[in-house]
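Reviewing the structure listed below.
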Amino acid sequence: MARPSPARPADLNPDRSLATIEVNGITKTYRTRTGAVNALAEVDCTIKRGEFVSLLGPSGCGKSTLLRIMAGLSSSSSGSVIIDGNPVIRPQTQLGIVFQSPVLLEWRDTLGNVMLQAEARGIDRRVALETANRLVKQVGLAGFERKRPSELSGGMQQRVAICRALLHDPDIVLMDEPFGALDALTRDQMNVDLQHLWAQGEKTVVFVTHSIPEAVFLSDRVLVMSPSPGRIDLGLRIDLERPRRLATRDSPQFAAYCSQIRNAFTKRGVLREEPLA
Ligand SMILES: Nc1ncnc2c1ncn2[C@@H]1O[C@H](COP(=O)(O)OP(=O)(O)O)[C@@H](O)[C@H]1O
Ligand SMILES: [Mg+2]
């Protein structure tokens, strides 16, 4: 059986000259009423231009915190994030961001929600509407342009949120567990569709998930985070041919990547075989 090659340090921090996002020694401590919460401990990673990279880790390990710091939506306690050579010191409006919940306006239809992005940025309405219509078709929502969010399924609502995040054609898209609330079948379909969408552009994607198969299916590289306080301690290049198909999940190579990651989690006590005493 073909086995993936062992993780190499270069899979954690590839050649920095090709970096679009550099994360250098990021730590984050939240001050709360009940004391300090160490959310991130010395996170280092490099994301190359055009890569699809997943941040994979257990709940509470600091994935959302790290993504928010990359986006300039939260400050770090120490360390730096550099995007395209510029230190992140304020919200990065050039990015596309998709959150776990689609956050749609109930009184607006599909196109109206996608167009929010154009209104917020002052993009020419006619040009934006053309792009919005194209994106809506690309994600399989043709015929649903005039539906309100309450008339759409959870998966469709998340597709609307993805279109909104892509409307201004960002080079970098940050996605925080965008499919976490979806049923398993819809999630599989969203994975397939997202892969095709990504293949059409030249976008860098940082994708947060706690699903091992989702991370392996989508990614060029999976960065595995330790339990809280989070740090990235394994980088795994996923050398599976693209486009990956649903059946790719049945392949021995796919299973080998998943088990390599699962073993890393077992070693750290995130997963265990035995019941608690
Ligand atoms: N605004 C906040 N104030 C205080 N603690 C927070 C805040 N946001 C997150 N945390 C804590 O930081 C840790 C990491 O949280 P988070 O980044 O949301 O993890 P993940 O996204 O991996 O589930 C958790 O212990 C969480 O309780
Ligand atoms: Mg989170």
Worksheet, complete the sentence: the chain: relative contact order from alpha carbon pairs under 8 Å, six or more residues apart, as a whole percent, is 26
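Can you show me the helix-derived [θ] at 222 nm for the chain, built from DSSP H runs with n ≥ 4 at -39,500 (n - 2.57) apiece and divided by the number of residues, rounded to the nearest 500.
Numbers: 7 runs with 87 residues, N = 277.
Taking each H run of at least 4 residues, the total per residue is -10000 deg cm²/dmol.
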Worksheet, complete the sentence: Among LEU185, VAL173, PRO275, the residue whose Cα sits farthest towards the positive end of the charge dipole of segment 157-277 (+1 at Cβ of Lys and Arg, -1 at Cβ of Asp and Glu, taken about the Cα centre) is PRO275
Response to the item:
Taking the dipole of the chain about the Cα centre (Lys, Arg +1; Asp, Glu -1; charges at Cβ), the one of ALA161, SER77, GLY143 that reaches farthest to the positive side is SER77
Discussion item. Over the Cα atoms of the chain, what radius of gyration and what Dmax do you get, in Å?
Written reply: 19.0, 64
Practice prompt. Treat every Asp and Glu Cβ in the chain as -1 and every Lys and Arg Cβ as +1, leave all other atoms uncharged, and give the resulting dipole magnitude about the Cα centre to the nearest 20 debye.
Written response: 300
Worksheet item: Can you list residues whose amide H is under 5 Å from VAL98's amide H, if they're 5+ apart or on another chain and H is modeled 1.01 Å from N?
Response: LEU174, MET175, ASP176
Practice prompt. Taking the Cα centre of segment 80-127 as origin, work out the dipole magnitude from +1 charges on Lys and Arg Cβ and -1 charges on Asp and Glu Cβ, in debye rounded to 20.
Written response: 100
Discussion item. Nearest 5 percent is fine: what portion of the DSSP beta bridges confined to the chain is antiparallel?
Written reply: 55
Worksheet item: Using a Förster distance of 35 Å, how high is the FRET efficiency between GLU42 and ALA184, based on the Cβ-Cβ distance and rounded to 0.05?
Response: 0.50
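Explain nothing, just the number: dipole magnitude of segment 64-220 about its Cα centre with +1 on each Lys and Arg Cβ and -1 on each Asp and Glu Cβ, in debye rounded to the nearest 20. Walk me through the numbers before you get to the answer.
Details: 15 positive and 18 negative charges, 92 e Å.
So the magnitude is around 440 debye.
Readers should treat all values here as calculations from the given coordinates under stated rules, not as data from a laboratory. Note that this is a predicted model, so its numbers are computed, not measured. Here Cβ is always computed from backbone atoms with ideal geometry, including for glycine, and neighbour counts include all displayed protein chains.
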